[in-house]
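Enquirer: The structure under discussion is supplied below as structure tokens; questions concerning it will follow.
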Amino acid sequence: MTGGGQPDAVAAPSPCMHEACGPARAAYPARMTLGAFFFVLGDEPVTDFRDLDTVETIRSATSDDGDVIPAGSRGTVVSVIRGGFAYGVEFAEPYGAVATMLAADLRHVGVPAA
């Protein structure tokens, strides 16, 4: 905390290797709080994927448990993060694997049947 009761700003995050993150991370000032950073980014969705949509990975990824998910794998969106900046996607192979994926790493395949 600074003398005025305000929380100290966090240090800038390390550069992200994803192409989609690069411009946003580069614009992150070293003394800006994370809350202010996301306010500047805005709340507009990056894509229009919704819960239960079927998506396909454009490049290989790693699940939240460390399993490798190859490019071209199909999965189901189970959560929308920061209004569409990223998604929680569940895959059948490896069984029950869930990965947090950037929108730029996914391609829309279909919507759930009504």
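Nothing in this text is a laboratory measurement; each read-out follows from the coordinates by a stated rule. Since the structure is predicted, the reported quantities are computational estimates derived from the model, not experimental observations. As a convention, Cβ positions derive from the backbone with ideal geometry for all residues, glycine included, and neighbour counts pool all protein chains shown.
Enquirer: Add +1 for every Lys or Arg and -1 for every Asp or Glu among the other residues with Cβ under 10 Å from the Cβ of Gly72, and state the total.
Expert: It works out to a net charge of +2.
Enquirer: Need the full-extension length gain, Asp48 to Arg107, defined as separation in residues times 0.36 nm minus the C-alpha distance. One decimal, nm.
Expert: 20.1 nm
Enquirer: A further question on this structure: Got a sec? How would Val89, Val109 order by Cβ neighbour count within 10 Å, fewest to most?
Expert: Fewest-to-most ranking of Val89, Val109: Val109, Val89.
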